[in-house]
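The structure appears below as structure tokens.
A short reminder: the numbers here are calculations on the coordinates, not readings from a lab. Computed from a predicted model, the values in this text were never measured in an experiment. Methodologically, a virtual Cβ is constructed for each residue, glycine included, from the backbone with ideal geometry; neighbour enumeration extends over all protein chains shown.
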Amino acid sequence: MDKGIRKRVDIKSLTLPELEAELASMGEKTFRAKQMYEWMHVKLARGFGEMTNLSKDLRKECGQRFTYTALQAVRVQESKIDGTKKFLFELSDGNLVESVWMQYKHGNSVCISSQVGCRMNCSFCASGIAGLVRNLTPGEMLDQIYAITLLTGERVSNVVVMGTGEPLDNYDNLLTFIRILTDGDGLHISQRNVTVSTCGLVPQMRRLAREKLQITLALSLHAATDEKRQDLMPIAKRYSIRELMEACSYYFEETGRRITLEYSLVRGVNDSEQDAQLLCRLARPLHCHVNLIPVNPVKEHGFARPDGAGIRAFQNILEKNKINGSIRREMGRDIDGACGQLRHRHISDQHHRNAHECSF
């Protein structure tokens, strides 16, 4: 690329100070940046054309200078069981990401993706079947929430970064996303209403702790021994459970925020009484909550969930050991609710259609 050609910046990924600096370099006053920031992150404008209190010349120049993220929904599925909605969004380069909208008594939650695909390849998850394609920008993460807000007509009060991708593998963009999402000049969602999940990237967990954010960190543990965890999650070969527990303790010490341990229950794999007792041993020294997740079956992996009695028996062992735990309420099981399932099925369907068309 010619060094004289300036790469177009995703304007929705800029913090307010960064936007002020960009517009200042264009000869604009500071208040123009705040107006534009409000259009993007409060009024949820879908393009520069909607910013009616800005001059046409400024809007035109911004359109030439910046890219503007506005995701398009290509598929929407709604659960007949609980009203959960799953959205498949197309990015500007044709890649696809998925997001989930869920209704709870305490407010509406959106679970967003942080990457196109995933490099972690956890054995019970559909997200990593095709590997990692690329990271999402802060604007692409934000616009999953903005687009869903506009499509549902409902305010989002809680955000979970637990969809496709490993958020801490996209660390810098994730951090910018959180800062814009929780900014008082933007959508202003409380940091305490933001949860970030990780499969256990220990250096990034410690780095995140030092940011002193008030978000919730959820560790995808899924097994209580290194041997069993390594069978389920390749990342476990890099970081031991001892290292993970030390990182969890460090996170609590630095932030005062309770860790959540995510534990997907897989029948015949990690759901025995011994597994439960070992999990209690890990959880007891931590300030944590254990979230039991009956696994969503993924055809390619062949895993199944325990029956209801088995799930309750596992939870009872936690309770007897005075471990704070709960069984995650199932949401969207009839609409490919698990991470990566809708995107994977949509891509597979496209491949099948293309192969069928080429056979004639």
Next item on the list: Using every pair of alpha-carbon atoms in the chain, split the distances into 20 Å bins beginning at 0 and state the percent of pairs per bin, rounded to integers.
Entry: 28, 55, 16, 1
Check: What length, rounded to one decimal in nm, is gained on full extension from residue 212 through to residue 226, with 0.36 nm per residue of separation minus their alpha-carbon distance?
Finding: 2.1 nm
Note to self: Tell me the angle of helix 16-25 to the major Cα principal axis of the chain, expressed in degrees between 0 and 90 and rounded to the nearest ten.
What the structure shows: 30 degrees
Next item on the list: Would you calculate the separation in nanometres between label points at residue 157 and residue 65, each defined as 7 Å from the Cα along the Cα-to-beta-carbon direction?
Entry: 3.9 nm
Check: Over the chain, what is the mean sequence separation of C-alpha contacts under 8 Å (at least six apart), divided by residue count, expressed as relative contact order in percent?
Finding: 15 percent
Notebook entry, point to check: About its Cα centre, how strong a charge dipole does the chain have in debye, to the nearest 20, once Lys and Arg get +1 and Asp and Glu get -1 at the Cβ?
Noted result: 360 debye
Check: Which loop trypsin sites (Lys or Arg not before Pro) in the range 166-244, with loop taken from DSSP, have no more than 16 other Cβ atoms within 10 angstrom of their Cβ?
Finding: 212, 238
Notebook entry, point to check: In the chain, what % of DSSP beta bridges are antiparallel (nearest 5)?
Noted result: 45 percent
Notebook entry, point to check: At q = 0.12, 0.16 Å⁻¹, what base-10 log of I(q)/I(0) does the Debye formula yield for the range 199-329 when every alpha carbon is treated as an equal point scatterer in vacuo?
Noted result: -0.44, -0.78
Check: Rounded to the nearest 0.05, what FRET efficiency do residue 246 and residue 55 have when you use their Cβ-Cβ distance and R0 = 56 Å?
Finding: 0.50
Next item on the list: Give, in nm to one decimal, the length gained when the segment between residue 134 and residue 9 is fully stretched (0.36 nm per residue of separation minus the Cα-Cα distance).
Entry: 43.3 nm
Check: Can you tell which of 42, 161, 202 shows the greatest fluctuation in a Gaussian network model of the chain with Cα springs below 10 Å?
Finding: 42
Next item on the list: First measure r as the distance between the Cβ atoms of residue 29 and residue 321, then evaluate 1/(1 + (r/R0)^6) with R0 = 56 Å and state the FRET efficiency to the nearest 0.05.
Entry: 0.35
Notebook entry, point to check: What are the trypsin sites (Lys or Arg not before Pro) within the range 100-144 that DSSP puts in a loop, where the Cβ has at most 16 other Cβ atoms within 10 Å?
Noted result: 105, 119
Note to self: On C-alpha positions alone, give me the angle between the axis of helix 30-41 and the longest principal axis of the chain, in degrees, nearest 10.
What the structure shows: 50 degrees
Check: If the cut-off is 17 Å between C-alpha atoms, which aspartates and glutamates fall inside it for residue 80, apart from same-chain ones fewer than 8 positions away?
Finding: 330, 334, 336
Next item on the list: May I ask for the angle, rounded to the nearest 10°, between helix 273-283 and the longest principal axis of the chain, with both axes built from Cα atoms and the value confined to 0 to 90°?
Entry: 50 degrees
Notebook entry, point to check: Taking Cα pairs under 8 Å and at least six residues apart, what relative contact order does the range 210-274 come out at, in percent?
Noted result: 49 percent
Notebook entry, point to check: With respect to the cross-link table entries 7/56; 43/212; 7/237; 12/85, which display a Cα-Cα separation exceeding 31 Å?
Noted result: 7/237
Checklist line | Cα→Cβ-extended label distance, 7 Å offset, between residue 313 and residue 76, nm | finding: 4.3 nm
Next item on the list: Please work out whether the range 9-67 counts as rounded, prolate or oblate from its C-alpha gyration tensor, where a ≥ b ≥ c are the square roots of the eigenvalues and a/c under 1.5 means rounded, while otherwise a/b larger than b/c means prolate and anything else oblate?
Entry: rounded
Next item on the list: Show the residues, 5+ positions off or on another chain, whose built amide H is closer than 5 Å to the amide H of residue 9.
Entry: 67
Note to self: Can you tell me the length gained on complete extension of the stretch residue 105 to residue 281, counting 0.36 nm per residue apart and subtracting the Cα distance?
What the structure shows: 60.1 nm
Item checked: Net dipole in debye of the range 199-329 [+1 Lys, Arg Cβ; -1 Asp, Glu Cβ; about Cα centre; nearest 20] -> 300 debye
Notebook entry, point to check: GNM on the chain, C-alpha springs below 10 Å: top fluctuator among 291, 53, 321?
Noted result: 53
Next item on the list: Springs between alpha-carbon atoms under 10 Å, Gaussian network over the chain: tell me which of 64, 115, 277 tops the mean-square fluctuations.
Entry: 64
Next item on the list: Quick one: which residues, 5 or more positions from residue 325 or on another chain, have an amide H under 5 Å from its amide H? H modelled 1.01 Å from N in the peptide plane, none for Pro or chain starts.
Entry: 290
